[in-house]
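Contents: one structure, followed by commentary.
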Amino acid sequence: MNTETIVRLLKISGFNVLSFDSANIYIEDPSCILRSFQTFIEYAWIFVALVTAFMLFGWAISMIRGAKNNIFINLRNLILIFAALSLVDPILNMIYGGDLFGRGCKKIAVPLNEVQEILGVHQTKISKQPELYEEIEISDSGPMNTDLTKEHLSSNTDNNPILDNATSKRFVNAIASGKDVIYITSDNHRLRRTGGSRAWRNTNPGNIRNSQFASANGAIGVAGGFAVFPDESNGMNAIRQLLTSDSYRNLTVAKAISKYAPPSENNTSAYHKQIENLTGLSINRRISDLSDAELSKVVNAIRTIEGWNIGRELPE
């Protein structure tokens, strides 16, 4: 799920999102007493408005019964009272230079990678309920970089001196260790991948969810709700196999991406534009009509959009 979607959901849930960057989302401490006091004042204002409406009703009844009141003077006084009450908050903020009630509230930094971990675990739990949800085998959880260019497609390997193809083919198992992933060989040698993006740590350039499809295409473990592949070429091949499966090959590129990165979790329209920019292909082309070279462009574009940020490899 991209950052903009997470921020939008936090705001819908009632959090005051102050800002965000590539690493953290900054929110106001929801337990802040000053902000709670401001909320109390807002409810008090509603109460005062209701009481005033009740008084106006009584005033109207008294005039109907013959009471002599100057309607213009009374209306003027009411307008002045409500105007004064409305101006208190902005005037105080102007005097004290900013959000008076929020100035004493702490700023909390929520790491984006931890949010993605939580969402990954939640999605895994959901995927285990086939009676309610259709299994989603692949999902976008990497960063959506709007400055991507076609030159990124030329970077298909990270030239890693430790986890090269000759070594990675010996990995037969992988386990999660916090945010890290530990790869295990048949003779119990271990390698830890730490830092970088989830796609890189899992050697899963398409961020394919843990599923029967992933296992059938070489996955050796699961971490953060996503499959772990023994090497990048295996992970790239899994994307290709998914796109050419019966569920995808008769779709247009646009519909395939909409299924791959649904609008409920992603900025799908932006994903479409990135696919077009990176491949030079029309997203109205059918997957089955693409040549091998064109399909490779789509696969490489997915790798780039999903976020392949290299971390560190440490022997265990």
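Restricting region 260-276 to residues that are of a type in the set (S, T, N, Q) and crowded, with 16+ Cβ neighbours inside 10 Å, the residue that is farthest from THR3 (Cα to Cα) is GLN274. Just one residue in the set GLY224, GLY307, GLY235, GLY280 is on the phi > 0 side of the Ramachandran plot and in contact with a strand residue (DSSP E or B) (Cβ under 9 Å, 6 or more places away or on another chain); that residue is GLY224. Entry remark, region 271-316: residues being assigned to a loop (DSSP other than H, G, I, E, B) and among the charged types (D, E, K, R) number 2 in total.
For region 219-247, the candidate set comprises residues that are of a type in the set (Gly, Ala, Ser) and farther than 26 Å from SER258 by Cβ; within that set, the residue that is surrounded by the fewest Cβ atoms within 10 Å (Cβ to Cβ) is SER233. Consider region 181-232 and keep the residues that are of a type in the set (Phe, Trp, Tyr) and part of a strand (DSSP E or B). The one that is farthest from ILE118 (Cα to Cα) is TYR183. Which residues, counting only those in region 17-54, are surrounded by fewer than 15 Cβ atoms within 10 Å (Cβ to Cβ), modelled with pLDDT of 75 or more and not acidic (Asp, Glu)? SER19, ALA23, TYR26, ILE46, PHE47, VAL48, ALA49, LEU50, VAL51, THR52, ALA53, PHE54, listed by residue number.
Could you tell me whether THR5 is at pLDDT 70 or above and more than 36 Å from the chain's Cα centre (by Cα)? Here the answer is no, as THR5 does not meet what is asked.
The values are calculated or read from the model by the stated rules, or taken from the named source; none is laboratory data. Because the structure is predicted, anything quoted here is derived from the model rather than measured. Cβ atoms come from the backbone with ideal geometry, glycine included; neighbour counts cover every protein chain shown.
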